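Report on one structure; see the data block that follows.
The values are calculated or read from the model by the stated rules, or taken from the named source; none is laboratory data. These numbers come from a predicted model, not from an experiment. Backbone-built Cβ (ideal geometry, glycine too); neighbour counts: all protein chains shown.
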Amino acid sequence: MPVHNTAKYLPDCIDSIIAQTNSNWELIAVNNGSTDNTLSILEAYAKGDSRIKVIHLEHANLLQALRSGYTNSSGEMIHRMDSDDKMPFDKLESMSNALKAHGIGSVITGGTCYFNDEGTVGDGFRRYDNWLCEVARANSHKLEIYKECVIPSNCWLVHREDFEKAEGFNPDIFPEDYDLCFRFYANNLKIIGIDQVLHLWRDRPDRISRNWEVYKDNRFFNLKVHYFNKLERDINRPLVIWGAGKNGKDLIKLLQTTNENLHWVCDNDRKIGKDIYGIRIESFKSISAMYNPQIIIPVASPEGQVEIEKYLKSLSKKKGQDYWFFS
């Protein structure tokens, strides 16, 4: 658990860990150059509970703090926690029981719930919570992985050897949680969703996802394109981008550099037939004449996604094999 200036929230967080119904855990708390009384709070908890170990770093970044925590850990099962969040009382028991049942080669995850001190959470966070809970319920992680991060940063449990197989916290890539999610997938780990809320994460004005530069463009197209080309792309199949809005334009510029046999389609009559970035935009109906295309859909509108998926299913296209949503 990396910790930086979260003294205000830290007791709630650690108390929720101590209250776990599974008491067989160790907490490696990495104080990452805090300037408030975080360190003294951590040391007080460590003095009262031998399961808590405190590491102190100066001027480290998040990944360095995570690596330090992992290096000093001894657990057979690995989990990440954030110091301003809370655990439901049965989180570790539910996840560890599931991991024992499924064994090596599995990652356990589940639903989440945002909260804040004011009691109201924004619609965007609520939508993400609801989506994550539905993904966990349906175990549709691999079908939805290019949409958003399907394994939240602090809602997974994995065997140590599988964590190391996926290179753990080693790569210097942000967003580090989404990259790790893709690496779990790339290493053929079976992602198992539990149909319950397993993590309570706090929304606050100074949270990383609101303020770090790397999160300002939360589409993460560079990361998605990298893994799509690595894991999904078949150069013998035409590649189709469906959507000529801002998302489509930004995505086509990335894909142009690494893909041939590239097609760009949309359902906007005003754009069909135009040349943009050297590519002529075609009608979406041209897909029916293509042989076995791979289709990427960077359309953000939920209603638009429903209509597109309905059309592709009418052509017997399968999600995760023939088409993927990037949004």
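Taking residues in segment 285-306 that are over 17 Å from I272 (Cβ atoms), and partners anywhere that are surrounded by 10 or more Cβ atoms within 10 Å (Cβ to Cβ) and modelled with pLDDT under 95, the pairs with Cβ atoms closer than 6 Å and at least 6 places apart or on different chains are A300/S327.
Being modelled with pLDDT under 95 and in a loop (DSSP other than H, G, I, E, B) is a condition met by at least one residue of segment 181-204.
Here is a check on your reading of the model: is K249 out of contact with any helix residue (DSSP H, G or I) (no Cβ under 8 Å at 6 or more places or on another chain) and at pLDDT 95 or above?
Details: out of contact with any helix residue (DSSP H, G or I) (no Cβ under 8 Å at 6 or more places or on another chain): yes; at pLDDT 95 or above: yes.
Taking the combined requirement at face value, the residue satisfies it.
Scanning segment 111-159 for residues that are in contact with a Cys (Cβ under 6 Å, 6 or more places away or on another chain) and either in the same structural domain as G248 (by TED's automatic domain parsing) or not in a loop (DSSP other than H, G, I, E, B) (or both) returns G111, T112, D129. Within segment 218-237, the set of residues being under 15 Å from T257 (Cα atoms) and buried (at least 19 other Cβ atoms within 10 Å of the Cβ) comprises K224, V225, Y227, F228. In the set G243, G273, G320, G278, only one residue is surrounded by 15 or more Cβ atoms within 10 Å (Cβ to Cβ), small (G, A, S) and not assigned by TED's automatic domain parsing to the domain that holds C181; that residue is G243. Condition test on M95, is it modelled with pLDDT of 95 or more, assigned to a loop (DSSP other than H, G, I, E, B), closer than 22 Å to G168 by Cα and among the hydrophobic types (A, V, I, L, M, F, W, C)? No.
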